[in-house]
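Asker: For reference, the structure I am asking about is given below.
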């Protein structure tokens, strides 16, 4: 995809602004060092040749040569010292500071993304590219800018030298540059096309590689013949990458030869040298020192122009990735708070759905259709139904992870869109079926935040309510024990039931007005499930609890049960009322009860 020069410049200025905002000293430093080094090299090699040979040719003073050498030596010492401090100390620290700032910005943007973004493959791919490429693209942007400064200084010094001594030599350099620009532009397109085609294959190969060393796949790999399937997939991915690399290799080889030989070796190293010898030996228009200096400067100027020419397509390619980073950085969530958002009531009383319908996208059709229900403070509500009925989606609408497509959700008679979003969501404590634990302490996993001595009693109480406290107290480090051994050899690996109890403790650790439990007891045995249900009832006596469960035994204690099918509420009432109706709920309950009955050995 070709980009206009102005857009390429704008993208790199954006990255420069990001770097300067977080580490101004780093940006200024690398630019100044690049300019200083280029000017020093010009005087050390190109100009010194002219100066010294002219002193010999025109009987100059030896003291002048000594003073010039002292000046050059001092300049070299300054450069070497500057580079040493940069490489060993300043640059590594500045880079880490910059990377940390960039990551924090991306983390903040990712946390604010609408959940719906994860349902959009293109946006999600851009998000993955932004997170995965931001360090590389920042380094590339600063490297391009550093080389622009350094090569620009060389071109300015050598160009001035040519303007004073031999303007005709610039024609040879201009011809070489024209060939180089044309060749590099075509090569950049071919390389970018190849990279885009390699990306999905590289991701496939990386995915297969992860499977072989991640712990969660270890048992299946050893118990099932999936290894041969994965090795076959790896072979096909590798073959695909090889075919992609070979596809345009002949074009790249020919273009590379034209660029190297025609633009440089022929035009400058051969023809320009003949031209200089003619002006010096035949026309006697140049001194020997000027001739050698111009030839050396031509090489330096040639290389700098070549590097600048190579930077242009390189900058265009980098700009394509920066577009994705900027697109992600400029993303504004559709779900948010208005400037005059209302504060959430301290003790909300009624959550109501009026004619609510919802679809993840128009083409797939609605997931929920014309839902009407009212949940009052302190009620215990259960949503039941088969997979795909819309139960989990409904709770996501409650928490405003999605906005309804039609209808409205009201909290104490006010549309939830009018409340401040963060405080509204803080009313809900939730444990989803696909909950996640983190490589942090047990206390941190309960509070989902940093913990201190003041929060430990809260953590212990929450663990007690979820039924995990006795197990934690037997651990050497108690609530400070790390979950998983990824970063700590003394960490613990929890069983499925223990992990679920740890996740459930989160809803008891804070004063939530609403507790949403999506399949809260799926990993618990029947006895633990019964104890858990009693614990929930006791711990949330004055709170509103919303259950989602496939196990109807865990919904019997609910005040009201809503049976969903195909996105609609088809039955509602208490357990006894629904059993008396002898409808879909009763049918589902009897089916599960039959499966739990003991059978002869």
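The values are calculated or read from the model by the stated rules, or taken from the named source; none is laboratory data. Keep in mind that this is a model prediction, so the values were computed, not measured. Cβ sites come from the backbone with ideal geometry, for glycine too, and all protein chains shown count toward neighbours.
Asker: Give the number of residues within region 467-497 that are in a helix (DSSP H, G or I) and modelled with pLDDT of 90 or more.
Answerer: Matching residues across region 467-497 total 8.
Asker: What residue, of 320, 373, 353, 394, is within 29 Å of residue 415 (Cα to Cα), assigned to a helix (DSSP H, G or I) and modelled with pLDDT of 85 or more? If you could, list the steps in order and put the result at the bottom.
Answerer: Values: 320 fails: within 29 Å of residue 415 (Cα to Cα); 373 fails: assigned to a helix (DSSP H, G or I); 353 fails: assigned to a helix (DSSP H, G or I).
On inspection, the qualifying residue turns out to be 394.
Asker: Moving to a separate point now. Check region 433-445 and report whether any residue there is part of a strand (DSSP E or B) and over 30 Å from residue 353 (Cβ atoms).
Answerer: Of the residues in region 433-445, the ones part of a strand (DSSP E or B) are 441.
With the extra rule that they be over 30 Å from residue 353 (Cβ atoms), the set shrinks to 441.
There is at least one residue in region 433-445 that is part of a strand (DSSP E or B) and over 30 Å from residue 353 (Cβ atoms).
Asker: Please state which of the following conditions residue 500 fails to meet, knowing it meets all the rest: (1) in a helix (DSSP H, G or I); (2) buried (at least 21 other Cβ atoms within 10 Å of the Cβ); (3) over 29 Å from the mean Cα position of the chain (by Cα).
Answerer: Among (1) in a helix (DSSP H, G or I); (2) buried (at least 21 other Cβ atoms within 10 Å of the Cβ); (3) over 29 Å from the mean Cα position of the chain (by Cα), residue 500 violates only (3).
Asker: When region 537-566 is examined, which residues are found to be at pLDDT below 80, farther than 28 Å from residue 583 by Cα and out of contact with any helix residue (DSSP H, G or I) (no Cβ under 6 Å at 6 or more places or on another chain)?
Answerer: 538, 540, 541, 542
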